[in-house]
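Here the structure is laid out as structure tokens; the discussion comes afterwards.
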Amino acid sequence: MSRFVGHGRGEVTPIDELTPVDEHLREILALLPEPDPIELRLPDALGLVLADPVTSSVSVPAFPNSGMDGYAVLAGDVEAATVDAPVGLRVVGEILAGSASLPEVRAGTAVRIMTGAPVPPGADAVVPVETTSEDGSNGVRIHRPVHVGQHVRRPGEDLQPGQPLVAAGRRLSPADLALLAAAGVTRVNCVPPPRVVILVSGDELVPADHEPGPGQIRDVNGPMLSAMVRAAGGVPFFAGIVRDDRKALTYTFDTNLGHADLFLCSGGASAGTADLLPDVIGRLGQCRAVKVAMKPGMPQIRGRIADTPVIGLPGNPVSSFVSFETFVRPAIRHLQGRRDVQRPSVIARAGEPLTAPPAKRGYLRVTLARDEQGWIATPTGHQGSHVISSIAAADGLAVVPEDVTEIAPGEQVRVHLLVE
Ligand code: AMP
Ligand code: MG
């Protein structure tokens, strides 16, 4: 194999100057600070990662209560009840859910009771209303026996004091919030969503709602990266389109430093004369501009300004998209306290040849279809790094490893899923 690989700009890079994908990711994750939890009320904690484990301090249910609408009775009184020979009991009261005053049940009596209402003293079972009939004058006929404890919800049956409720590191679901509320836990320590300041650079860019002038193009990465940050669980803050100008770039970093947990930059990362970001970031803090062994997406930046990590992606929207998936999404999830930072993947069969340059990891945008033998991955048309329609149509990114240049139709390929 040649010792040199092209990177699409008429230059060649010696293979040993390429940074492996996994190394660049590892170095980015190493730049990230440990999560700093905050206390939030339950409704605000949905989807966030719990920082500390929570245990129950109470029993749920707290008191014995009825599992049915019916009659609280002594099971011994209705042992002999049958459909044809019911047992008659005198009804001495009624208890609704929330009732505090509870009539006592003695031999020969019953109390009308609703689901969730406290089971009164004396009673040891509940007869569902469906197996009773009224006998007109303050009486009820019981047509089926019940055993002791039947249709009574026992205290602590659901939760007991000291019982773990939610483990640290878990992403809170609606059901977790329900469990916490049941135990009276209304505030939790969790990791706030990281605030990602997005800085899009390029003299040729105009906002998507502007008509481009000669040589100008619409900014795709601003809207795309903002959406990707949000989908990854971060809070995007779009700092705007910034000119390829040292002062403008420096000013944008300076004025946004106070509210950034992560700077995400697009464009200006490689070796062109307008590629100023490595120099600007380097002067404000520290910066490494690397050529990563991947296609698309070779020029990448990682660095830090004060304590804020900086990730810079190439400007081509497809390169930006693939590098976001590869480096930024894991970083945002890491900042959220999540350890499952990678997308789920499936093994598929190539539906068409999947090619990549030597010594680089290829990421091909593919659609997935299923037949009896499993998934089939087919490229979404033109794979050029400027072809935005190739990402919009993709279900996943098929990975062609560094030591492979072609995966033939029918051979296996790993596909990172972009869809849930
Ligand atoms: P750069 O990484 O700045 O050298 O940009 C590489 C290519 O991507 C150039 O053709 C740019 O015009 C294009 N590009 C850069 N930023 C954007 C953007 N935000 N939206 C769409 N295209 C872009
Ligand atoms: Mg540029």
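Throughout, read-outs are computed from the coordinates displayed, never taken from laboratory work. Just so we're clear, the structure is a prediction, and the values are computed from it rather than from any experiment. Using ideal geometry, Cβ is built from the backbone for each residue, glycine included, and neighbour counts are taken over all protein chains shown.
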Original post:
Fully extended, how many nm does the chain gain between A80 and Q216 (0.36 nm per residue separation, minus their Cα-Cα distance)?
Top reply: 39.9 nm
**OP:** Give the angle, between 0 and 90 degrees and rounded to the nearest 10, that separates the Cα long axis of helix 21-31 from the longest principal axis of the Cα atoms of the chain.
**Re:** 70
**OP:** Once you have the Cα-Cα distance between D16 and V235, take 0.36 nm times their residue separation minus that, and quote the gain in nm to one decimal.
**Re:** 75.1 nm
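Taking Rh as the Kirkwood radius computed over C-alpha pairs, what is the Stokes-Einstein D of the range 75-219 at 10 °C in a medium of viscosity 1.306 mPa s, expressed in µm² per second?
The estimated diffusion coefficient comes to 76 µm²/s.
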Subject >> Whole-Å semi-axes of the ellipsoid equivalent to the range 272-420 (Cα gyration tensor, √5λ, descending) >> reply: 31, 17, 12
Subject >> Cα-based shape type of the range 65-153, given that a ≥ b ≥ c are square roots of the gyration tensor eigenvalues and the cut on a/c is 1.5 >> reply: prolate
**OP:** Would you grab the residues whose amide H sits under 5 Å from the one on G67? Only those 5+ places off in sequence or on another chain, please, with H modelled 1.01 Å from N.
**Re:** G116, V152, R153
Original post:
Where does helix 221-231 land angle-wise versus the long Cα axis of the chain, in degrees 0 to 90, nearest 10?
Top reply: 30
Original post:
If we sort 169-180, 140-151 on the protection proxy, mean other Cβ atoms within 10 Å, highest first, what's the order?
Top reply: 140-151, 169-180
Original post:
Net charge near I305, counting Lys/Arg +1 and Asp/Glu -1 over other residues with Cβ under 11 Å of its Cβ?
Top reply: 0
Original post:
Roughly how many nanometres apart are two label points built 7 Å out from the Cα toward the Cβ at A167 and D307?
Top reply: 2.9
Subject >> Long-range HN-HN contacts of M294 with modeled amide H, under 5 Å >> reply: R361
Original post:
For the range 153-175, list residues with backbone N below 20 Å from a point placed 7 Å from the Cα of I38 toward its Cβ?
Top reply: 169-173
**OP:** Work out how much length H386 to R106 would gain on full extension: take 0.36 nm times their residue separation and subtract the Cα-Cα distance, in nm to one decimal.
**Re:** 92.5 nm
Original post:
Can you list the HN-Hα couplings for the range 295-300, worked out from phi with the Karplus curve (6.51, -1.76, 1.60; θ = phi - 60°), rounded to whole Hz and with x for Gly and Pro?
Top reply: 9, x, x, 4, x, 9
Original post:
Mind listing the phi-derived Karplus ³J(HN,Hα) values for the range 341-354, rounded to whole Hz, using 6.51, -1.76 and 1.60 with θ = phi - 60°, and x for any glycine or proline?
Top reply: 7, 9, 5, x, 10, 10, 8, 10, 9, 5, x, 9, x, 10
**OP:** Name the long-range amide H neighbours of G139: under 5 Å, sequence gap of 5 or more, or other chain; modelled H, no Pro or chain starts.
**Re:** V91
Subject >> In nm, spacing of pseudo-spin labels at R414 and H147 (7 Å Cα→C-beta vector) >> reply: 5.3
Original post:
If you average over every viewing direction, what projected area does the convex hull of the Cα atoms of the chain give, in nm²?
Top reply: 30.2
